[in-house]
Amino acid sequence: MSSSIGKKCCPMLLLLRLLVQVVCSAASSLPTFTFQPAVLNELAEGKNATVSFKMDVPEAYLKPYEKQGPWRVELSPIHESIASVSSDEHLFSKNDLIYDNSTRFYTLHSNFTVNGKFLGKTGIRARFVLAKWDEYPGEDIRENTLDVAVKRGESGVLLTKIFVSSLVVVISIANVLMGCELDMNVVKEVLKRPVGPSIGFFTQFLVMPLLAYAIAHTVFTPKGLHSFALGLFVTGCSPGGGASNFWTLLLDGNVNLSVTMTFLSTLGSLVMMPLWLTLLGQDFLQGFGAGVRMRVPYSKIMSSLFSLVVPLMIGVGIAKWKPELAAKGRKMLRPFVIFVLVFVIVFGCIANTYMWRIMTPTALLGGLLLPWCGFMCGCFISIAMGRSPADVTAIAVETGIQNTGIAILMLKWSFPEPDADISALIPVIVACFTPGPLMLGAAIHTLSKRLKRRSEGLSLGKELNELPEKPSLEPAGVSYIPNQDEMHFIDRAHEGQEV
């Protein structure tokens with residue numbers, strides 16, 4: 001009884017099997033293309049690659065069109081700006097085909113050349129059409145596509161390496177000069193009462209990752225831009241960048257607090273980056289393959305700590321044992337910092353010219369929102385916590401400026417090209433456009449300081465002119481000599497009038 005029941009089969013299962021057989025039968029009756037290599041993912045810009053293909057055409061499919069030959073294989077790129085095909089047509093007749101009696105298939109072997117033009121992903125479509133017109137012989141056609149990935153050319157990679165190497169040198173020099181400006185007693189006081197660093201740590205590792213996650217899901221994910229979304233989220237999880245110390249200096253913020261926060265956030269990123277990437281990073285890995293995992297660049301984080309601390313300590317040592325040399329360094333600090341910031345912006349844009357071609361309004365919007373919203377969040381939170389204006393400046397700048405170098409290196413290590421370069425576009429945009437509001441703030445701050453000095457000088461001069469004349473008790477021909485307090489007042493008035 002039970003065995004007879006076990007032999008019965010569900011009618012829906014029989015229908016499903018029948019449907020699968022029909023689909024497989026229909027698919028086997030269509031022309032198919034096989035490429036070698038199956039995927040072209042090592043093509044560089046300006047380079048060529050030869051791809052072999054085999055076309056199998058069923059005898060039953062070709063028979064109704066034997067008298068309509070010759071035929072051709074048409075090869076067309078999906079995105080011509082990324083890759084092109086040198087020989088896009090292959091004419092052939094029935095005599096060029098090899099017939100296999102066992103499979104009843106006609107086979108054609110040939111090859112074509114793919115030219116890498118620009119960074120990105122595309123595909124080469126192969127179609128079997130009649131030579132006389134641009135139509136398919138039959139109504140049922142299988143789409144055959146070769147996946148192509150184009151990575152950056154050697155010249156672009158070399159220029160990036162030169163930029164990074166020169167950047168390390170100029171930033172190290174700037175950090176030495178910054179060390180001459182540091183007051184280690186103030187740094188110790190900041191660490192004893194770490195209210196400012198605690199606010200900075202909160203905005204850096206709680207506000208910024210959640211802000212990046214929200215922007216990525218709002219701007220990029222709905223449009224299927226998962227590479228951009230991942231790049232933005234990784235940038236938001238990165239620690240504060242060293243450029244924050246330079247901008248804090250130019251904006252007359254608390255440099256000692258800024259340097260302390262940069263050190264602590266870089267140290268804390270050893271734990272906080274893996275935590276956030278494990279919690280929320282997996283949401284952005286669509287389209288990267290099942291075996292892909294994100295690797296935190298611990299060595300890069302440690303090298304960032306090293307490149308920050310060692311030059312600063314050298315500057316501190318110079319200030320302690322060579323105060324005359326430190327005084328000269330402090331005079332050079334602000335002009336050199338301005339040079340470094342201009343160098344980073346200009347040379348960075350030149351070394352990453354590829355980003356201008358693949359930059360879209362959507363990518364620009366996401367890249368701008370992260371740092372600019374970070375500045376505002378850091379500013380408002382520190383004001384709400386009752387911090388001084390100098391501390392507010394330091395915390396706001398530290399929050400908005402990310403260490404994009406760590407984000408870029410992490411993407412480079414975790415994903416193959418060109419996915420790594422496409423994802424890294426967002427950290428590059430963030431790095432290039434972060435200085436926008438800061439330059440505006442620095443210009444306004446400098447102008448306001450000059451106007452304030454001028455008004456103070458005018459007011460001092462007016463007060464000096466309104467002083468009552470002191471009666472002269474000296475003999476005729478002897479001039480009056482002001483006392484020390486009056487001389488100090490006169491000197492201040494002269495200084496204000498000269499501004």
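The values are calculated or read from the model by the stated rules, or taken from the named source; none is laboratory data. As the structure is a computational prediction, the values presented were derived from the model and not from experiment. Every residue, glycine among them, receives a Cβ derived from its backbone with ideal geometry; neighbour counts consider all protein chains shown. Ligands, DNA and RNA are excluded from the accessible area calculation, which covers all protein heavy atoms including side chains. Shrake-Rupley method; radii C 1.70, N 1.55, O 1.52, S 1.80 Å.
Figures for the structure shown
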| item | result |
| --- | --- |
| Percent carbon-and-sulfur accessible area, the stretch 144-229, ignoring ligands, DNA and RNA, probe 1.4 Å | 67 percent |
| Restraint check, LYS151/LYS412; LYS300/LYS412; LYS300/LYS328; LYS63/LYS94; LYS161/LYS223; LYS331/LYS449, Cα-Cα greater than 21 Å | LYS300/LYS328; LYS161/LYS223 |
| Cβ-Cβ FRET estimate between THR107 and ASN48, R0 fixed at 41 Å, reported to 0.05 | 0.95 |
| Per-residue HN-Hα couplings for the stretch 75-80 [Karplus 6.51, -1.76, 1.60; θ = phi - 60°; Hz; x = Gly/Pro] | 10, 9, x, 6, 10, 5 |
| The stretch 229-353, relative contact order in percent, only Cα pairs under 8 angstrom and at least six apart counted | 25 percent |
| The stretch 385-424, Rg to Rh (Cα coordinates; Rh as Kirkwood inverse mean 1/r) | 1.33 |
| Extension gain from ASN41 to VAL170, taking 0.36 nm per residue of separation minus the Cα-Cα distance | 42.8 nm |
| 5 Å-binned pair-distance histogram of the stretch 291-399 (Cα, whole percent) | 2, 9, 8, 11, 17, 21, 16, 9, 4, 2, 1, 0 |
| Cut-off 10 Å between beta-carbons: net charge of the residues surrounding ALA44, Lys and Arg +1, Asp and Glu -1 | -1 |
| Vicinal HN-Hα couplings computed from phi for the stretch 266-271 (Karplus, 6.51 cos²θ - 1.76 cosθ + 1.60; Hz; Gly/Pro x) | 5, 5, x, 5, 4, 9 |
| Volume per residue of the C-alpha convex hull in the stretch 170-280, rounded to whole Å³ | 120 Å³ |
| Cβ crowding within 10 Å averaged over residues, with 184-194, 422-432, 369-379, 110-120 ranked highest first | 422-432, 369-379, 110-120, 184-194 |
| Alpha carbon centroid spacing (whole Å) that separates the stretch 182-197 from the stretch 424-458 | 26 Å |
